[in-house]
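Enquirer: Sharing a structure, written as structure tokens. Questions coming.
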Amino acid sequence: MLPALLFLTWVLAASSSSSPAAATAANYGVFSLKYRYSGQVKSLSVLKAHDTQRQLRILAGVDLPLGGIGRPDAIGLYYAKIGIGTPARDYYVQIDTGSDLMWVNCIQCRECPKRSSLGIDLTLYDIEDSDTGKLVSCDNPFCIEISGGPLTGCTANMSCPYIEIYGDGSSTAGYFVKDVVQYAQVSGDLRTTTANGSVIFGCGERQSGDLGSENEEALDGILGFGKSNSSMISQLASSGDVKKMFAHCLDGTNGGGIFAIGHVVQPKVNTTPMVPDQPHYSVNMTAVQVGLQFLNLTTDVFELGDRKGTILDSGTTLAYLPEIIYDPLVSQIVAQQPDLKVQTVRDEYTCFQYSESVDEGFPNVTFHFENSLTLNVYPHEYLFPYEGLWCIGWQNSGMQSSDRRNLTLLGDLVLSNKLVVYDLENQAIGWTEYNCSSSIKLQDEHSGTVHLVGSHYISSESPSCDVTALVAFILLMTLLQIFIYQNM
């Protein structure tokens, strides 16, 4: 099978446009994603609580007994509608670049959520309803690899089990199955056909904590896009369905964006090496600049603790810096306006009143990385309005719990309005400022053909309709009204 360029669409709170493309058939596929908090006004405490749970799941998780490094996040902001099985049934799963394992709630589950406040119908996976579903046995190479060796007491005729336990007490447990995952394959400009790939995923029998029956914002499961061989992207890449490269572009202005698997050839993106031997997408920061002035930091500041480097995580709302970076950074920002009356909101946010343009009154913040790659953050991105005040989005990770102390993590506050490319083939990550409501170009590695892929949007409350069908329907109704009028 030829390598495919699989693209997924980030769907946020507002619609976005896409540029026309040449009608060229290619092996693409699409998952339509939705922003979980679309149309809702979230308080500061809710945003912080989301990030806290997110970081606990990323950093404090342990895997028993299989030893995988997947740490699913039930508080992720984005989720996709995918088809699983033959015939396919629809499932809503969280898209998570910080975890590896894909799993969905199973028919045997008694603690799984029965309903969701997100306006979606939950579905329990039943292997008996799928002609292509198969159990994964304990002697399967996938089971042995993710377990770090043969499982004691698990014989060849037994199903391979999994269990994930997280720092906040949530857990998921069940067994592995293999089935077909279906998505929309692009067959031309704004045209798709059905495509699929076989994937091994967890069938969840027991859920607890935020994954359990009390979770009001429930989904059907997790779709992991992490680094390990067990992740969705790694499995699809190993079978030749996709390249082991992906990119996302989150439109912080209009809402919307693109999540793409494939080789991005336009815009051009400079990259920096991934930090080796880290479970998450981490890169080496070398300096921090506020306006024209560099913070006086030593290089060891960026190597605190066991988790080396700076984590990039689009599932986190804000940005977290070690205290030794946070304090001088905030001081430099506030010093730009000596007359500011700074106050602390909810004991954790530095806020102030300011009636002028924040982009004119405050400095840009620039992070420097290996290979001379820089990441610029503008005042309107790191400052956000709250109850008549402007609040600073940078957070002090030195004040967090011991699990997350002195963590350097950059979330949507920094990553929005940038195309971020993850090149697992060459172990590099890069980014560039970009209009995320426009289009990017992907190259088919086999044929060399370049294809234009635009951003998409799906209604937050109902399935998207076919535009052509809608226009045809309106035209038909208009002609019908004319006919009735002429024959009255």
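Enquirer: Looking only at the range 232-250, how many residues end up being touching a Pro at 6+ places or on another chain (Cβ under 8 Å) and part of a strand (DSSP E or B)?
Expert: 1
Enquirer: For the structure I just gave you, tell me whether F369 is under 24 Å from the mean Cα position of the chain (by Cα), open to solvent by less than 30 Å² (accessible area, probe 1.4 Å) and at pLDDT 95 or above.
Expert: On the way: under 24 Å from the mean Cα position of the chain (by Cα): yes; open to solvent by less than 30 Å² (accessible area, probe 1.4 Å): yes; at pLDDT 95 or above: yes.
Yes: the conditions hold for F369.
Enquirer: Here is a follow-up. Of the residues V342, V377, only one is closer than 21 Å to G291 by Cβ and surrounded by 20 or more Cβ atoms within 10 Å (Cβ to Cβ); which? Break it down stepwise before answering.
Expert: Details: V342 fails: surrounded by 20 or more Cβ atoms within 10 Å (Cβ to Cβ).
After ruling out the rest, the residue left standing is V377.
A quick yes/no check of all residues on (1) at pLDDT below 90; (2) open to solvent by 10 Å² or more (accessible area, probe 1.4 Å); (3) in contact with a His (Cβ under 6 Å, 6 or more places away or on another chain):
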| position | (1), (2), (3) |
| --- | --- |
| R71 | yes, yes, no |
| L77 | yes, no, no |
| A80 | yes, no, no |
| V93 | yes, no, no |
| M102 | no, no, no |
| C106 | no, no, no |
| K114 | yes, yes, no |
| I120 | yes, yes, no |
| I127 | no, yes, no |
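Enquirer: Would you check which residues across the range 414-429 are in contact with a Leu (Cβ under 9 Å, 6 or more places away or on another chain), within 16 Å of N270 (Cβ to Cβ) and open to solvent by 20 Å² or more (accessible area, probe 1.4 Å) and list them?
Expert: If the condition is that a residue be in contact with a Leu (Cβ under 9 Å, 6 or more places away or on another chain), within 16 Å of N270 (Cβ to Cβ) and open to solvent by 20 Å² or more (accessible area, probe 1.4 Å), then no residue fits.
Enquirer: Give all pairs with beta carbons closer than 8 Å in which a residue from the range 283-301 that is in contact (Cβ under 8 Å) with a residue 40 or more places away in the chain and under 15 Å from I324 (Cβ atoms) meets a residue that is open to solvent by 80 Å² or more (accessible area, probe 1.4 Å) and in a strand (DSSP E or B); count only pairs at least 6 apart in sequence or on separate chains.
Expert: What qualifies is A287/F294; V288/F294.
Enquirer: On the given criteria, is N229 in contact with a Pro (Cβ under 8 Å, 6 or more places away or on another chain), in a loop (DSSP other than H, G, I, E, B) and among the polar types (S, T, N, Q)? Don't jump to the end; show me each part of the working.
Expert: On the way: in contact with a Pro (Cβ under 8 Å, 6 or more places away or on another chain): no; in a loop (DSSP other than H, G, I, E, B): yes; among the polar types (S, T, N, Q): yes.
Taking the combined requirement at face value, the residue does not satisfy it.
Enquirer: Also: Among the residues of the range 332-363, which ones are in a helix (DSSP H, G or I) and among the acidic types (D, E)? Working first, answer last.
Expert: Looking only at the range 332-363, we keep the residues that are in a helix (DSSP H, G or I), and these are 332-334, 358-361.
Scanning the range 332-363 gives D359, E360.
Enquirer: Do we have any residue at all in the range 130-144 that's among the aliphatic types (A, V, I, L, M), modelled with pLDDT under 95, at negative phi and crowded, with 18+ Cβ neighbours inside 10 Å? Break it down into steps so the answer makes sense when it comes.
Expert: Taking the range 130-144 and keeping what is among the aliphatic types (A, V, I, L, M), we get 135-136, 144.
Those still in the list that are modelled with pLDDT under 95 too: 144.
Then keep just the ones that are at negative phi; that gives 144.
So of that shortlist, the ones also crowded, with 18+ Cβ neighbours inside 10 Å come out as none.
Checked the range 130-144: no residue is among the aliphatic types (A, V, I, L, M), modelled with pLDDT under 95, at negative phi and crowded, with 18+ Cβ neighbours inside 10 Å.
Enquirer: Can you work out which of the residues in the range 198-211 that are modelled with pLDDT of 85 or more and not polar (S, T, N, Q) is most open to solvent (accessible area, probe 1.4 Å)?
Expert: The qualifying residue most open to solvent (accessible area, probe 1.4 Å) is R206.
Enquirer: If you go through the range 253-265, how many residues are touching a Ser or Thr at 6+ places or on another chain (Cβ under 9 Å) and modelled with pLDDT of 85 or more?
Expert: Final tally of qualifying residues: 0.
Enquirer: Please go through the range 416-429 and give me each residue that is of a type outside the set (S, T, Y) and closer than 21 Å to D100 by Cα, ordered by number. Talk me through it step by step, then tell me what you get.
Expert: Applying the first criterion (of a type outside the set (S, T, Y)) to the range 416-429 yields 417-421, 423-429.
Matches in the range 416-429: V420, V421, D423, L424, E425, N426, Q427, A428, I429.
Enquirer: Right, here's the next one. Kindly list, by first and then second residue, each pair from a residue in the range 213-227 that is more than 30 Å from V242 (Cβ to Cβ) to a residue that is part of a loop (DSSP other than H, G, I, E, B), limited to pairs with Cβ atoms under 6 Å and residues at least 6 apart or on different chains.
Expert: From residues that are more than 30 Å from V242 (Cβ to Cβ), the pairs are S213/E111; S213/P113; N215/P113; E216/S117.
Enquirer: From (1) at positive phi; (2) modelled with pLDDT under 70, pick out the condition that doesn't hold for L475.
Expert: Among (1) at positive phi; (2) modelled with pLDDT under 70, the lone unmet condition for L475 is (1).
Enquirer: Now, a different point. Among the strands (runs of 3 or more DSSP E) confined wholly to the range 251-301, which include 2 or more residues that are surrounded by fewer than 21 Cβ atoms within 10 Å (Cβ to Cβ)?
Expert: Numbers: elements: 257-261, 263-266, 271-273, 285-290.
In the range 251-301, 263-266, 271-273, 285-290 are the strands (runs of 3 or more DSSP E) which contain 2 or more residues that are surrounded by fewer than 21 Cβ atoms within 10 Å (Cβ to Cβ).
Enquirer: Something else now. Which of the residues belonging to the range 257-278 are among the β-branched types (V, I, T) and in contact (Cβ under 8 Å) with a residue 60 or more places away in the chain? First the steps, then the outcome.
Expert: Let us first name the residues in the range 257-278 that are among the β-branched types (V, I, T), namely 258, 261, 264-265, 269, 271-272, 275.
Passing the criteria: I258, I261, V264, V265, V269, T271, T272.
Enquirer: I'd like the full set of residues that are in a strand (DSSP E or B) and among the aliphatic types (A, V, I, L, M), limited to the range 115-158.
Expert: Going residue by residue through the range 115-158, those that are in a strand (DSSP E or B) are 125, 134-135, 137.
Hit for the range 115-158 is L135, nothing else.
Enquirer: Of the residues S416, S459, S447, S464, only one is modelled with pLDDT under 85, small (G, A, S) and in contact with a Cys (Cβ under 9 Å, 6 or more places away or on another chain); which? Working first, answer last.
Expert: On the way: S416 fails: modelled with pLDDT under 85; S447 fails: in contact with a Cys (Cβ under 9 Å, 6 or more places away or on another chain); S464 fails: in contact with a Cys (Cβ under 9 Å, 6 or more places away or on another chain).
One residue alone meets the criteria, S459.
The values are calculated or read from the model by the stated rules, or taken from the named source; none is laboratory data. Keep in mind that this is a model prediction, so the values were computed, not measured. We place every Cβ from the backbone using ideal geometry, glycine too, and count neighbours over all the protein chains shown. Note: accessible area is taken over every heavy atom of the protein model, side chains too, but ligands, DNA and RNA are not part of it. Shrake-Rupley method; radii C 1.70, N 1.55, O 1.52, S 1.80 Å.
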